[in-house]
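These notes are about the structure you will find just below.
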Amino acid sequence: MPEPALRELQALFWRRLNGMTEPALEAAIVSTPSLGAADRLDIYARMYFWRLRDALAEDFEKTAAALGEDGFADAVRAYLTDHPSGNPSVRHLGSHFADFLAACPPAAAPPWLAELARLEWARVEVFDAPDAVPIRADDMRAIPAADWPGLRLRPTAALEVVESAWPLHTIWRDGGDPPLAPTALRVWREAGAVYHCAMDPLEREALAGLRSGASFGDICDALAHLEPDAAAAEAGSILARWLADGLIVGINQGPDRGADGEP
Amino acid sequence: MRAEARQDHQLTRERARAIAGPRGRRVAGAPASLVPNWFSVFPDCPHIGHGIGLRPKYYPAVLEGRRADWFEVISENFMIRGGRPLAVLERVRADTPVVLHGVSLSIGSTDPLELTYLDDLARLIARIEPAWVSDHLCWGSHGRRYAHDLLPLPYTEEAIDHVAGRVREVQDRLGRRILLENVSSYLTYRHSTMPEWAFVAAVAEQADCGILLDVNNVFVSATNHGFRAEDYLAGLPGHRVGQIHLAGHSDHGTYLLDSHDAPVRSEVWDLYRQTVRRFGALPTLVEWDDRLPPIDDVLAEAARARAAEAEVVAEAARESPHARARSA
């Protein structure tokens, strides 16, 4: 048999890692009495799968637990066939996993599985999102009250919102089989640690405004629509929570004035 | 912080050279004049001591000030936008040398070089100012898909030319030489035309790069393929070897697996002593990546490497006629 050129050898090897039988590759490998060529290739094929399964199990710990060892392994095998890693860093391997689970739900998977995976992936994204120095309550208090309606507050990049028909925060914590309950979670990072919490409808509305670049006045107006009597007080208490959690990293007071939390 | 870190690093280099010449830091207990005299070594790697891998489990301990002589980190784990890992690494780097060790350069792949990856690596290098940069002599990607594994190359002239050309391109782009590590392997290609050590040596010479000699991988592959580890050491050019790796492996009956989940085995310690006898004292790193023990256990392995190296250097000093003349 002629020797395979390097490019062809790697193509055969790649297919073998992904579960295909490649007689031409086996013929290119030395067998010994204790270990045949196929056994030797199996060592690599197993390591390929185990390493990537372990990487996904780390990022999707709760999803993996919900599926059980075999169910998770089957899901990962199917996922890798559709979505082999396309990035030199294994950190990105799970970027399509939640969508994949939604499109191809594993047998006997709980109905919230893909959405739980979406929450876990949001936590991964937040974990290494860009750094910024948070604005604190004292910085805000220094701004005259008359200027507040025009303020545009800039949220940290380490902030994601996950919306679901299920109470994902209780599923994430306790698993189980809770009833449907539409839920909006915010996921954020503070001092290097990742957190998430459920938002009430007012905070959800306010955060949507914040992330779309609305002014503080516009956010208050939107809350007034939901809660006419207490909008101002609610807006104040929501803002206090955001500041305490380090979600605000910049204040734009107009075209020529501003404070910024970039390090 | 950046300027201070750079200054500190430069100081380490200057001090090292002043004490022990281009070879690196003086080994405790050995006359400085004897340390550098086995062979010339790869000059890009001053002897910064005996380090350990910086893994997330150890972040709390290092933030409290626990230190090895130096830390090695997996480059890809820090090619990120922000967050705790980078903050910890910068804190460590402020007072301790760091080496960037990549796993996805895929230098032996027949895909085009991933330029975005190299630019990300260059940015990380500029940010961390590592003592040096290394990756593996293997391939790990095909059709722009990544195996995240260290797959073996055939030992052929074709592969030497291919890899050496790519290493030169990488080194030009990064503006520095890199080290490539010998990987452990579990198969041999029929069409290989030379032993692994001749392949490693030829790539390093043709590419003008350094060798990161993983002593555990030599032992694992020697067992798996039935060659003598001593022949491997004898076949490598000393002036290319810049760093040593030590790690634990596991015995799977018909083969040894480079598992990095256990203490260094006694046979590998013996081979490490032979390596120091052959190449002299070199910066050495204990790798431990799975089933991680407390950081102090890994630091104890690094201390064991330091002691083993000092023993070999002291023996060599005793055996040297120059040393006897000085003591007479």
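The values are calculated or read from the model by the stated rules, or taken from the named source; none is laboratory data. Here the structure is a predicted model, which is why all the values come from computation and not from measurement. Don't worry about glycine lacking a Cβ; one is built from the backbone with ideal geometry, like all the others, and counts go over all protein chains shown.
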Selection within the stretch B:159-192 - buried (at least 17 other Cβ atoms within 10 Å of the Cβ), assigned to a helix (DSSP H, G or I) and in contact with a helix residue (DSSP H, G or I) (Cβ under 7 Å, 6 or more places away or on another chain): B:Ala159, B:Ile160, B:His162, B:Val163, B:Ala164, B:Val167, B:Val170
The stretch A:47-60 - residue that is in contact (Cβ under 8 Å) with a residue 40 or more places away in the chain and either within 14 Å of chain B (Cβ to nearest Cβ) or over 15 Å from the mean Cα position of the chain (by Cα) (or both) and, of those, farthest from A:Ser85 (Cα to Cα): A:Asp59
Taking only pairs six or more apart or across chains, which ones have beta-carbon atoms under 8 Å, a first residue in the stretch A:16-34 that is over 24 Å from B:Tyr146 (Cα atoms) and modelled with pLDDT of 95 or more, and a second residue that is part of a loop (DSSP other than H, G, I, E, B) and β-branched (Val, Ile, Thr)? A:Val30/B:Thr188
For the stretch B:116-158, what are the residues that are away from chain A (no Cβ under 12 Å) and part of a strand (DSSP E or B)? B:Val133, B:Ser134, B:His136
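Would it be correct to say that B:Pro112 is more than 8 Å from every other protein chain (Cβ to nearest Cβ) and crowded, with 22+ Cβ neighbours inside 10 Å?
Values: more than 8 Å from every other protein chain (Cβ to nearest Cβ): yes; crowded, with 22+ Cβ neighbours inside 10 Å: no.
Judged against the criteria, B:Pro112 is not a match.
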Number of the condition not met by B:Arg306 [criteria: (1) surrounded by fewer than 19 Cβ atoms within 10 Å (Cβ to Cβ); (2) free of Cβ contacts under 8 Å to residues at least 60 places away in the same chain; (3) more than 30 Å from A:Ser31 (Cα to Cα)]: (2)
Starting from the stretch A:136-158, take each residue that is within 14 Å of another protein chain (Cβ to nearest Cβ) and list its partners that are assigned to a helix (DSSP H, G or I), counting only C-beta distances under 7 angstrom and pairs at least six apart or across chains. A:Ala158/A:Val126
Those helices (runs of 4 or more DSSP H) lying entirely in the stretch B:243-328 with at least 1 residues of a type outside the set (Lys, Arg) and within 14 Å of another protein chain (Cβ to nearest Cβ): none
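With A:Glu61, A:Glu120, A:Glu160, A:Glu125 as the choices, which residue is in contact with a Ser or Thr (Cβ under 7 Å, 6 or more places away or on another chain) and modelled with pLDDT of 95 or more?
On the way: A:Glu61 fails: in contact with a Ser or Thr (Cβ under 7 Å, 6 or more places away or on another chain); A:Glu160 fails: in contact with a Ser or Thr (Cβ under 7 Å, 6 or more places away or on another chain); A:Glu125 fails: in contact with a Ser or Thr (Cβ under 7 Å, 6 or more places away or on another chain).
Being in contact with a Ser or Thr (Cβ under 7 Å, 6 or more places away or on another chain) and modelled with pLDDT of 95 or more holds for just one of A:Glu61, A:Glu120, A:Glu160, A:Glu125, which is A:Glu120.
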I'd like to check something: does the stretch A:26-44 contain any residue that is in contact with an Asp or Glu (Cβ under 8 Å, 6 or more places away or on another chain), under 30 Å from A:His92 (Cβ atoms) and not polar (S, T, N, Q)? yes
Residues (farther than 30 Å from B:Thr254 by Cβ and in contact (Cβ under 8 Å) with a residue 60 or more places away in the chain) located in the stretch B:179-219: B:Leu179, B:Gly210
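If I ask for residues that are of a type outside the set (A, V, I, L, M) and either touching a Leu at 6+ places or on another chain (Cβ under 8 Å) or within 14 Å of chain B (Cβ to nearest Cβ) (or both), which ones from the stretch A:218-247 would you list? First the steps, then the outcome.
From the stretch A:218-247, those of a type outside the set (A, V, I, L, M) are A:218, A:220-221, A:225, A:227-229, A:234, A:236-237, A:241-242, A:245-246; that's our starting set.
A:Glu227, A:Glu234, A:Trp242, A:Gly246, listed by residue number.
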Tally up the residues in the stretch A:45-76 that are in contact with a Phe, Trp or Tyr (Cβ under 7 Å, 6 or more places away or on another chain) and within 27 Å of B:Tyr186 (Cα to Cα), please. 2
Count of the stretch A:31-46 residues which are within 9 Å of chain B (Cβ to nearest Cβ) and in a helix (DSSP H, G or I): 6
Applying the selection to the stretch A:167-206, what residues are over 26 Å from A:Asp131 (Cα atoms) and buried (at least 20 other Cβ atoms within 10 Å of the Cβ)? A:Pro167, A:Leu168, A:Ile171, A:Thr183
Exactly one of A:Gly246, A:Gly209 is surrounded by 15 or more Cβ atoms within 10 Å (Cβ to Cβ) and either closer than 30 Å to B:Leu63 by Cα or in contact (Cβ under 8 Å) with a residue 40 or more places away in the chain (or both), and that one is A:Gly246
In the stretch A:12-25, what count of residues is obtained for those that are more than 10 Å from chain B (Cβ to nearest Cβ) and either more than 22 Å from B:Ser141 (Cβ to Cβ) or in a loop (DSSP other than H, G, I, E, B) (or both)? 5
Is at least one residue of the stretch B:40-59 over 28 Å from B:Ala300 (Cα atoms) and either more than 9 Å from chain A (Cβ to nearest Cβ) or within 17 Å of the chain's Cα centre (by Cα) (or both)? yes
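Enumerate the helices (runs of 4 or more DSSP H) found wholly within the stretch A:157-263, keeping only those where 1 or more residues are of a type in the set (Gly, Ala, Ser) and within 24 Å of A:Arg123 (Cβ to Cβ).
Details: elements: A:168-174, A:201-211, A:216-226, A:231-244.
In the stretch A:157-263, the matching helices (runs of 4 or more DSSP H) lie at A:201-211, A:231-244.
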